[in-house]
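Chemist: Here you go, one structure.
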Amino acid sequence: MTREGRENLAGWVWVSPWVIGFGVFMLLPMAMSLYYSFTEYPMLEGPVWVGAENYARMLGDGTFWKTLWNTAWYGAVVIPLATALSLVIAGMLTSKVRAGGLFQAAVFIPTLVPLVASAMIWMWLFNGRHGLVNRALGLVGVDGPVWLERAGWAACALVIIALWGVGQQVMIYCAALREVPESLYEAADLDGMGPVRRFVSVTLPMISPVILFNVITLTIGTLQVFALPLALFQNSKGGPGQVGYFYTMYMFDKAFADGEMGYASALAWVQLVLVLGLTWLMFKVSGRVVHTRG
Amino acid sequence: MRGIEVTRRGAIGALAGGALWFVLAGPGRERKRRDGRVVLDYWEKWTGQEGAAMEAIVDAFNQSQSRVWVRYLATAGVSEKAMISIAGGASPDLVGLYGHDVPQFAESGAITALDELPGGESLSPERYAGAFRGFVRHADRDGRERAWGVVSSGGTLALYWNKARFAEAGLPGPPRTAEELDTAHDRLTEVRGGRIVRAGFVDREPGWWSWVFGPIFGGRVWDPESWRSELSGEGSVRAYQWVQDRATRHGVSPMKQFRSGFGNYDSPRNAFLAGEVAMVLQGPWLANIIGAYAGEGFEYGVAPMPASGSIRDDGAPVGAAEADVVVVPRGVKDPGACVEFLRFCQERENLERLSLAHFKNSPLAESSEGFRSLHPNRGLAAFDAVAKSPRSFTTPRTRAWPEIKREMDAMMDPVCEGNEPASAVLARVDRRVQAVLDRQTARRRRRGWPVPGGAGGPA
């Protein structure tokens, strides 16, 4: 074997754990799930080919549309709000404030709390009779709602809880904001820009690739929301009006509660197509607004 | 001292050798212990006190003989994990499932019928009280009814009532009919300043059994012969209208606000223990919580769930039953050893020991005098009456049950909201449940299995 061949072989051997792992634990299951999506496969029995029946079934499946809608509104509300909120917090944290590290830790720590534990905490905070949120509202003369028992308020609670966990985005924005060259701000000052204009014309373009990254990861995350609503509405399967019953939860139920792995696989492929489609769309749209440094 | 030089070839060789060793001789499943005993892996759902009680039975079995060693593994989400492990051909030897799991596992041939196990016939379900027999019986894919496991523990549901609150309201005893329950609820409910502060009966406390109300008025979820949903039948409509009337009588928002303050079931803030509700539908296991958290003076009684006056029969109370079962997955290495363990668990002494530790009624048709006298639940007779009643009922014995249950759980919200009559909600859910059942029929047809009602079953 030539020296080049030996080096190639050695290279392959070194990366083989990853390649084999990727092939066996990612590509193969994906290929199998694509096949299963065209079958009726209850897992305990062999798969039976049904063609596109699973995909056609989705069209008339009320729960599919319900969970898709729930996931869509959740994403549509949480993604912009979380982006705006984390940008504001990051802006405040990167300005010169006393005990900035403490505030950074306070913002980041919620992301370290296990989701189930956080759901338990919020369940009590939002408790209609004994919750601290309603107690606080009561202090200012507001009769708080029964948060987790009314569809609209339960939806608000879900959004608030999601916004509580923006710490990771904040940290990324903080890093991006610190990377904006000071000289640009100095030039902006010389041009007489005010703080708002400076943010819109200097800061936003400079951190726009990071915003794009965060929005894409948030989109993927919100489309896969699962553990929090599961724990929050554990006794009622999605809470009042099933407002907290999301796509991934339905997919999980189909696969592992109902034993319909074929249909669940079809749901997973639709979800993948949606995620890919949205990501592609974001890249397309962002081409015009995202500033990439040359 | 010269260091050891690691060549690239040597490193690759060591890595490859390690990987090969791991594949061929790495951690595997122990089939036999050093002392020659056959090892059986037993997955069970219970943890904590309930798990410790079952582990004690396992320990006793391991001590009682020298051929088999059972390894107890507490497994969360046991049904899902058992399904995946059996599908993957790496199942445990024994699995503790929920009673409602049996149809799915049995029809799929994922578990072994008792008549296929050596000596399995001796574990006949005839020994159980009527309410529990059905949990292990199910038709195989060819339509032949068989027994698929043993009942390890079981419980029926009945109405707990708070004696102090009943006395306070001047009520002589527990309601015997649905109509009396309504009257008692009204007398026991206190509203102050537009807020409910105490209630008689709250249908969604604890909210675990959305499906048990129909039979109170003679309704049922489905017809097991024709596989037709009966959720929009007269009995079911009357039952859920009865639920709706009570849920909305004092205002939907006040009721929701009141419910939101209930503590967890397993806590001193349990709504029944805290006196917030005076009646609750529960199983015998509630005595465990009462014993743990209620004060000495907490006096409760237990009565069968009231039925509508027109169908009430004191000799045959209406009530739901639940059970846990132990099954043997298909293809286990030593089915004889599995049967040996099951037989040990099914000895009266061990069944009653486990039931006592779980605060449940005995699944056996006749329990011993000792069991009855030692049982901490003072309402045991009521639970036993339901267990022996011909009108006790279980979850519908269909593999579609998880889906149907989800529909019924979700239905409780619109029923209790009261924005539309219960009949409208039920009509919608009935259509959805029928679609679920029809899909099961289509699935059977696709696989060439007999369908309900013969070849002319629903397409």
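Chemist: How big is the charge dipole of the protein assembly as shown about its Cα centre, in debye rounded to the nearest 20, if each Lys and Arg gets +1 on its Cβ and each Asp and Glu gets -1 on its Cβ?
Modeler: Dipole about the Cα centre, nearest 20: 1460 debye.
Chemist: Based on Cβ point charges of +1 for Lys and Arg and -1 for Asp and Glu, what charge dipole magnitude is obtained for the stretch A:1-140 about its Cα centre, in debye rounded to the nearest 20?
Modeler: Magnitude of the dipole: close to 840 debye.
Chemist: When all C-alpha to C-alpha distances in chain B are sorted into bins of 10 Å, what percent of pairs does each bin hold, rounded to whole numbers?
Modeler: Taking all Cα pairs of chain B, the binned fractions are 4, 18, 27, 23, 15, 7, 3, 2, 1, 0 percent.
Chemist: In the stretch A:122-153, what residues drop by 10 Å² or more of accessible area when the other protein chains are put back, versus the chain on its own? Use 1.4 Å, and skip ligands and nucleic acids.
Modeler: Correct list: A:Trp124, A:Asn127, A:Gly128, A:Arg129, A:His130, A:Asp143, A:Val146, A:Glu149, A:Arg150.
Chemist: Also: Treat every Asp and Glu Cβ in chain B as -1 and every Lys and Arg Cβ as +1, leave all other atoms uncharged, and give the resulting dipole magnitude about the Cα centre to the nearest 20 debye.
Modeler: Charge dipole, chain B, about its Cα centre: 1460 debye, nearest 20.
Chemist: Further question on the same structure: Going through the cross-link list B:Lys81/B:Lys405; B:Lys81/B:Lys333; B:Lys163/B:Lys388; A:Lys237/B:Lys163; A:Lys66/A:Lys237, which pairs have a Cα-Cα distance over 23 Å in this structure?
Modeler: In this structure, B:Lys163/B:Lys388; A:Lys237/B:Lys163 exceed 23 Å between Cα atoms.
Chemist: Here is a follow-up. May I ask for log10 I(q)/I(0) of the protein assembly as shown at q = 0.08 Å⁻¹, from a Debye sum over the Cα atoms as equal point scatterers with solvent left out?
Modeler: -0.81
Chemist: State the extension gain, in nm to one decimal, for the chain segment bounded by A:Phe22 and A:Trp65, taking 0.36 nm per residue of separation less the distance between their alpha-carbons. Let's see the in-between values first.
Modeler: Numbers: separation 43, 0.36 × 43 = 15.48 nm, distance 3.24 nm.
Once the chain is fully extended between A:Phe22 and A:Trp65, it gains 12.2 nm.
Chemist: Can I ask one more? Farthest toward the dipole's positive end in the stretch A:34-289, which of A:Leu218, A:Tyr250, A:Ser118, given Cβ charges of +1 (Lys, Arg) and -1 (Asp, Glu) about the Cα centre?
Modeler: About the Cα centre, the residue reaching furthest to the positive side is A:Ser118.
Chemist: Mind running the shape call on the stretch B:129-248? Use the C-alpha gyration tensor, a ≥ b ≥ c as the square roots of the eigenvalues: rounded below 1.5 for a/c, prolate if a/b tops b/c, oblate otherwise.
Modeler: Working: a/c = 3.02, a/b = 1.94, b/c = 1.56.
It comes out prolate by the Cα gyration axes.
Chemist: Hey, another quick one. Output the antiparallel fraction of DSSP beta bridges having both residues in the protein assembly as shown, as a percent to the nearest 5.
Modeler: Among the beta bridges of the protein assembly as shown, antiparallel pairing accounts for roughly 70 percent.
Chemist: Also, I was wondering about something else. Between B:Glu296 and B:Ala424, what FRET efficiency follows from the Cβ-Cβ distance if R0 is 56 Å, with the result rounded to 0.05?
Modeler: Calculated value: 0.70.
Chemist: Helix B:348-358 versus the longest principal axis of chain B: what is the Cα-based angle in degrees, 0 to 90, to the nearest 10?
Modeler: Roughly 70 degrees, rounded to the nearest 10.
Chemist: Right, here's the next one. Just to verify a number: FRET efficiency for B:Arg144 and B:Ser267, C-beta to C-beta distance, R0 = 51 Å, to 0.05?
Modeler: That pair, B:Arg144 with B:Ser267, gives E of 0.65.
Chemist: What is the list of residues in the stretch B:122-165 whose amide nitrogen lies under 17 Å from a point 7 angstrom out from the Cα of B:Ser64, following Cα to Cβ?
Modeler: In the stretch B:122-165, the label zone of B:Ser64 (backbone N under 17 Å from the point 7 Å along Cα→Cβ) covers B:122-124, B:150-153.
Chemist: May I pose another question? Taking a point 7 angstrom from the Cα of B:Ala316 along the C-beta vector, which residues in the stretch B:207-232 have backbone N less than 15 Å away?
Modeler: B:215-219
Chemist: What's log10 of I(q)/I(0) for the stretch A:97-138 at q = 0.22 Å⁻¹, Debye sum over Cα points only, no solvent?
Modeler: -0.77
Chemist: How long is the gain from A:Thr292 to A:Tyr55 if the chain were fully straight, where each residue apart is worth 0.36 nm and the alpha carbon distance is subtracted? Write down the numbers at each step before the final one.
Modeler: Values: separation 237, 0.36 × 237 = 85.32 nm, distance 3.97 nm.
That works out to 81.3 nm of additional length.
Chemist: Continuing with the same structure: Considering only B:Leu40, B:Tyr300, B:Phe135, whose Cα is most displaced toward the positive end of the charge dipole of chain B, charges sitting on Cβ of Lys, Arg (+1) and Asp, Glu (-1)?
Modeler: B:Leu40
Chemist: Compute the separation of the alpha-carbon centres of the stretch B:113-159 and the stretch B:200-276 and state it in Å as a whole number.
Modeler: If you average the Cα positions of each part, the centres end up 29 Å apart.
Chemist: Just to verify a number: FRET efficiency for A:Lys96 and B:Asp186, C-beta to C-beta distance, R0 = 60 Å, to 0.05?
Modeler: Plugging the Cβ-Cβ distance into 1/(1 + (r/R0)^6) gives 0.40.
Chemist: Continuing with the same structure: Could you work out how much longer the chain between B:Ala274 and B:Arg71 gets when fully extended? Use 0.36 nm per residue separation minus the Cα distance between them, nm to one decimal. All intermediate terms of the calculation are to be shown ahead of the outcome.
Modeler: Numbers: separation 203, 0.36 × 203 = 73.08 nm, distance 4.00 nm.
Length difference between fully extended and current span is 69.1 nm.
Chemist: Turning to a different aspect of this structure: Compute the accessible area per residue over chain A, keeping the other protein chains in place, probe 1.4 Å, unit Å².
Modeler: I get 53 Å² per residue for this part.
Chemist: Using a 1.4 angstrom probe with every protein chain in place, what is the largest-first accessible-area order of A:Ile172, B:Ile111?
Modeler: A:Ile172, B:Ile111
Chemist: Decide, for the stretch A:34-289, between rounded, prolate and oblate: order the square roots of the alpha carbon gyration tensor eigenvalues as a ≥ b ≥ c, take rounded if a/c falls under 1.5, and otherwise choose prolate if a/b is larger than b/c, else oblate.
Modeler: Oblate, because a/c is 1.5 or more while a/b does not exceed b/c.
Chemist: Another question, then. Counting only the heavy atoms of the protein chains, how much of B:Glu366 is accessible to a 1.4 Å probe, in Å² to the nearest 10?
Modeler: Its accessible surface works out to 110 Å², give or take rounding.
Chemist: Another question, if that's okay. Separation of the stretch A:96-111 and the stretch A:183-208 by C-alpha centroid, Å?
Modeler: Each part's Cα centre sits 25 Å from the other's.
Chemist: Next question, about the same structure. Can you divide the C-alpha Rg of the stretch A:183-283 by 2.2 N^0.38 Å and report the result to two decimal places?
Modeler: Against the empirical 2.2 N^0.38 Å value, I get 1.66 for the stretch A:183-283.
The values are calculated or read from the model by the stated rules, or taken from the named source; none is laboratory data. Remember, it's a predicted structure, so these values are computed and weren't measured experimentally. Ideal geometry is used to build each Cβ from the backbone, glycine not excepted, and the neighbour counts take in all protein chains shown. With ligands, DNA and RNA removed, areas are computed over all heavy atoms of the protein, side chains included. Shrake-Rupley method; radii C 1.70, N 1.55, O 1.52, S 1.80 Å.
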